[in-house]
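Worksheet for the structure shown next.
Each reported figure results from applying straightforward, stated rules to the coordinates on display, with no laboratory input. All of these numbers come straight from a predicted model, not from anything done at the bench. Note that we place each Cβ from the backbone using ideal geometry, even for glycine, and neighbour counts take in every protein chain shown.
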Amino acid sequence: MSVRSVALVGGVTTKFGVRPATWSELAQEVGAALFRAVPDLRAEEVDSLFVGAAEPERFAFQSHVAPLAAEQMGLRPTHIIQRTELACASGQSAIRSAYAAIASGLSEVAVAVGVEKMNLPSMAEASTAMGCVMDRPWDGPHGATAPPFFAMVAQRHQLEHGTTDEQMAAVSEKNHRFANANPTAQFYEKKFSREKLLHLPLVAPPLRLGDCSSMTDGAAAVVLVAEERARQFTDTPAWIRGTGQYSNFHNLAHAGSLTDWVGLRHAAREAFGRAGIGPNDLDFAEVHDCFTISEIIEYEMFGWCPPGQGGRFAADGQGDIGGKLVVNPRGGLLGCGHPLGATGVAQAVEVLQQFQARVPPARAVPDPEWALVHNLSGSANVHSVMIYQRGGAG
Amino acid sequence: MSSASRSRRPAPTTAPPAAEPRSSPAPAAAPETRPREKRPFLLDFFPLDTPDQTRLSAFYDRLRTGHLSTTRCPKDRSLHWPPRTACPDCHTEELDWVDLPELGKIYAFSAVLGGAPLGMESEVPFAVGLVDLDGAPLRLFGRIEGRPWNELRIGQAVRVETYDIGDGRYFYRFRVRD
Ligand SMILES: [Zn+2]
């Protein structure tokens with residue numbers, strides 16, 4: 001079956017951080033910003049809206065958020081209106097769904113938006129929400145949330161491959177440094193040296209505060225169109241060339257090896273196969289650094305370095321500008337914060353802005369043609385990958 | 001591991017299937033049981049365990065007698081975790097209950113030093129880990145008691161224990177062996 005090509009033609013990210021704003025206000029804010037950022041977009045053209053939102057029921061006491069978001073953004077979708085929920089990958093799921101809708105001919109112009117409000121007066125309530133991502137009645141009562149799980153991943157990687165706290169800090173230093181050149185990042189104005197990172201308090205040993213992404217409020221939105229419409233918006237779109245996804249397990253008993261992420265290797269193979277490129281053809285990647293150890297394992301699973309060598313790859317600056325490929329030039333989840341539903345959309349916005357050479361020099365990838373976006377969700381049990389090519393480049 | 005009775009659905013509502021006697025039954029954790037406020041279900045991680053809410057109430061009944069159990073498929077012999085009402089491989093809904101080994105070894109561990117969910121704030125710091133059960137192909141996640149987190153090590157021997165969570169419901173956890 002032949003499918004239409006789909007282009008990402010515009011996008012915008014709100015300020016990420018601890019925002020004095022409700023879920024709906026964030027949706028309004030990103031809607032207003034989207035129409036300013038894409039002046040050629042007319043609301044009545046947007047036939048479909050996909051809303052990435054992980055836990056509005058918990059964090060904002062609100063269900064049925066797709067029509068709520070449409071109303072906040074001033075949209076009246078006529079073809080498809082739906083929410084996509086895949087925990088930390090909810091935003092990328094919105095984009096993948098929009099892609100599928102346009103490629104199949106069900107939609108011509110779609111908006112994918114991600115919104116998450118996570119900072120509550122009670123940290124315990126927010127942690128309770130995060131705990132529901134796991135197999136709640138089985139893993140939840142023990143106190144399973146993301147930090148202790150990824151701490152065990154780090155412990156095993158350190159044991160099996162000799163990865164060090166210093167190598168993990170190198171990931172965090174790089175991503176925070178990029179975030180210092182991204183005004184939308186939660187930690188835009190905060191400096192983190194490796195030395196400082198190594199002395200931050202332990203959250204879940206061996207992970208320290210600087211190894212963990214934050215609870216963040218924020219929103220991001222992108223416009224996707226069928227190939228015939230791309231030029232109406234921009235000469236430099238980001239074409240979606242490949243995508244893949246793999247769901248491996250859910251209950252923590254089935255995680256298997258904590259350091260060999262089988263699901264990521266499957267999702268990557270699928271995405272690279274569809275795009276017709278390999279891991280070494282990429283110029284940059286936005287990967288899911290919910291924790292420093294995640295990015296280290298992702299280097300390995302994507303094939304940018306041999307298994308077990310991710311720590312060395314980080315310490316050698318191979319994921320930095322001037323290295324093998326630039327990883328997380330946006331600032332990553334570590335530097336930008338991680339508003340669950342918004343993260344995947346914000347990563348796509350970064351891809352477009354890098355392609356259009358609209359980012360500050362300190363985090364600009366030189367002449368990029370191919371980019372990859374990756375999200376894991378939950379306990380790295382699901383992996384979602386998209387591959388983009390710069391329009392007019394190939 | 002002992003095979004227990006077979007039921008059409010793994011959820012007998014009254015007496016739980018008899019388990020084999022154990023030489024060293026899992027100790028009740030009376031000293032650590034605290035009276036517990038009844039929490040609204042949507043703010044409580046612990047499951048509703050009664051037969052009007054779950055087809056796996058037998059699992060919780062067996063916890064009350066000190067036994068951690070699960071289901072096993074009589075056709076393909078696959079051992080499930082968590083216990084199930086349908087086999088994920090052959091999809092039969094007629095499953096056996098079996099008791100799990102009560103000893104195991106730590107595969108990985110960490111600790112929650114802050115940011116604990118509701119109801120667990122007063123337990124911080126607490127250790128959690130993945131435990132390989134001795135003689136069963138299962139690696140279970142759970143709380144690890146009995147030593148501070150920084151005295152745990154990979155490979156350390158632990159024992160399964162069941163405990164009253166403080167409102168009449170039971171759950172399971174691991175305790176470092178002396
Ligand atoms: Zn079976």
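Assorted remarks:
- Qualifying trypsin sites (Lys or Arg not before Pro) in the range A:1-58, DSSP loop, other Cβ atoms within 10 Å at most 11: A:Arg42
- Residue-wise HN-Hα couplings along the range B:48-53, as the Karplus relation 6.51 cos²θ - 1.76 cosθ + 1.60 with θ = phi - 60° gives them from phi, are 6, 10, 8, x, 7, 10 Hz; Gly and Pro carry x.
- Set of aspartates and glutamates near B:Lys75 by C-alpha distance (under 13 Å), chain-local residues within fewer than 8 positions excluded: B:Asp89, B:Glu93, B:Glu94, B:Asp96
- Counting neighbouring beta carbons within 10 Å and listing from fewest to most, the residues A:Asp235, A:Asp217, B:Asp134, B:Asp44 come out as A:Asp235, B:Asp134, B:Asp44, A:Asp217.
- Gyration tensor (alpha-carbon) shape descriptor, the range A:230-376, a/c threshold 1.5: prolate
- Two-site FRET efficiency, B:Lys105 against A:His254, from Cβ-Cβ distance with R₀ of 22 Å, rounded to 0.05: 0.75
- Shielding of peptide A:144-154 by partners, expressed as the average count of other chain Cβ atoms within 10 Å per residue Cβ, is 5.
- GluC sites (Glu not before Pro) restricted to DSSP loop in the range B:86-178 with at most 16 other C-beta within 10 Å: B:Glu93, B:Glu94
- Across peptide B:120-127, the mean count of Cβ atoms from other chains lying within 10 Å of each residue's own Cβ comes to 3.
- Rh (Kirkwood; distinct C-alpha pairs) - the protein assembly as shown, Å: 24.6 Å
- With neighbours defined as other Cβ atoms within 10 Å of a residue's Cβ, the residues B:Ser122, A:Ser247 order from fewest to most as B:Ser122, A:Ser247.
- Long pairs among A:Lys15/A:Lys174; A:Lys190/A:Lys324; A:Lys15/A:Lys190; A:Lys196/A:Lys324; A:Lys117/A:Lys196; A:Lys196/B:Lys105, criterion Cα-Cα beyond 24 Å: A:Lys190/A:Lys324; A:Lys196/A:Lys324; A:Lys117/A:Lys196; A:Lys196/B:Lys105
- Per-residue [θ]222 nm for the protein assembly as shown (sum of -39500 (n - 2.57) over DSSP H runs n ≥ 4, rounded to 500): -7500 deg cm²/dmol
- Extension gain, B:Glu121 back to B:Arg77 (0.36 nm per residue minus Cα-Cα distance, nm): 11.8 nm
- Annotation for the range A:68-152: trypsin sites (Lys or Arg not before Pro) lying in DSSP loop with at most 11 further Cβ atoms inside 10 Å of their Cβ do not exist.
- Global geometry of the range B:101-178, whether rounded, prolate or oblate, following the gyration tensor of its Cα atoms and the 1.5 cut on a/c: oblate
- Rounded to 0.05, the FRET efficiency of the A:Lys190 and B:Asn150 pair, given R0 = 30 Å and the Cβ-Cβ distance, is 0.55.
- Inter-chain Cβ neighbour count for A:33-44, averaged per residue, equals 0 (cutoff 10 Å, partner chain atoms only).
- Environment charge at A:Asn119 (Cβ cut-off 9 Å; Lys +1, Arg +1, Asp -1, Glu -1): +1
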